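Please read the structure below before turning to the comments.
Laboratory data are not the source of any read-out in this text; all were calculated from the coordinates shown. Remember, predicted model here, so these are calculated numbers, not experimental data. Ideal geometry is used to build each Cβ from the backbone, glycine not excepted, and the neighbour counts take in all protein chains shown.
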Amino acid sequence: MVYKLIDVDSSIGPVGAVVSGVDLSQPLSTECKEEIHRAWLENHVLFFHDQDLTPAQQADFAANFGALDVYPFMKAVDTHPNVIPIIKEADAKMNFGGDWHTDTSYQPLPPKATLLYALEVPETGGDTLFANATMAYESLSEAMRKTLEPLTGVFSPKMVHGSGGDYNSVAAKGNLGDAYGGSAEIAEQEVEHPIIRTHVETGRKSIYCSKPHTHRIKGWTRDESIPMFKFLTKHLTQEQYVTRFQWRKGSLAMWDNRCVFHNALNDYQGKRRHMHRVIVQGERPI
Ligand code: SIN
């Protein structure tokens, strides 16, 4: 792929590319936006370093790629309704996003993009792993792909945010900070999406179900479904599909939730990590 305005280095791993030559705090030309969008579709995750972004500048950059979305389970920062603080304090034990998932796939219209910006990161630890769910899907046997393709998943936030969910204990709420909230009704809702998703812009298929967000395969019991979710997660998180991203203060990652899984490593006990997160509205998965 040829880029005239940005540099795109995809040698970082099986998914993602480091983009340089652009200041995200400034308005971008149509050509520059088009190149970033093209690089994003091709690489699934883009990483930018050495950025200096206010919440409004991060949101403005995100808005180049679609309408901004609202995350239902956390309060935004005071200065912008679409920017969520993701903070793990030094004395907290649990982190946010510390399991393989794509963002809020339990919503009727899950966000297509997430843009995470690092304000404070530990000197070591706190990396995020990204897995290429398209490559992983395409490497399954034809028989397995044929088995999976017609299946519908019943997705729900209840395993994470519901009354018995991981984030709903007093301890987790304390660890995640006062900003944690969310409606009990939304936390128990169920929606149906295909477990293999077709990307509307590239036409490629990806694994889409995950143990934290997919309650069961439609028509199967949860006990019957879990081994399939475990198998698919084990398959897609093999080394050959995973890139490990080491954050610096001022890094921004922009990932495509339609074809990438991620997992925030929780290996920095006693250190503080502070990020700002913005999501961009997506379409109903097909
Ligand atoms: C997330 O899952 O959105 C957070 C990822 C991270 O903090 O690295």
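Details
- Applying the criteria of a DSSP loop state and at most 16 other Cβ atoms within 10 Å to the trypsin sites (Lys or Arg not before Pro) of the range 1-97 yields Lys4, Lys75, Lys93.
- For Gly282, distant residues with modelled amide H under 5 Å away: Lys112
- Residue ranges 122-129, 265-272 sort as 122-129, 265-272 when ordered by packing (mean number of other C-beta atoms within 10 Å per residue, highest first).
- Protection-proxy order for peptides 138-144, 229-235, each taking the mean of Cβ atoms within 10 Å per residue, highest first: 229-235, 138-144
- Among the listed pairs Lys4/Lys234; Lys33/Lys75; Lys4/Lys88; Lys4/Lys205; Lys33/Lys218; Lys112/Lys146, those beyond 32 Å (Cα-Cα): Lys4/Lys234; Lys4/Lys88; Lys33/Lys218
- Arranged from fewest to most other beta-carbon atoms within 10 Å of their beta carbon, Asp78, Asp69 become Asp78, Asp69.
- Between Ile86, Ile12, Ile195, the GNM of the chain built on Cα springs shorter than 10 angstrom shows Ile12 fluctuating the most.
- Ranked by how many other Cβ atoms sit within 10 Å of their own Cβ, fewest first, the residues His44, His199, His49 fall in the order His49, His199, His44.
- Full-extension gain in nm, Glu224 to Glu42, via 0.36 nm per residue minus C-alpha separation: 62.0 nm
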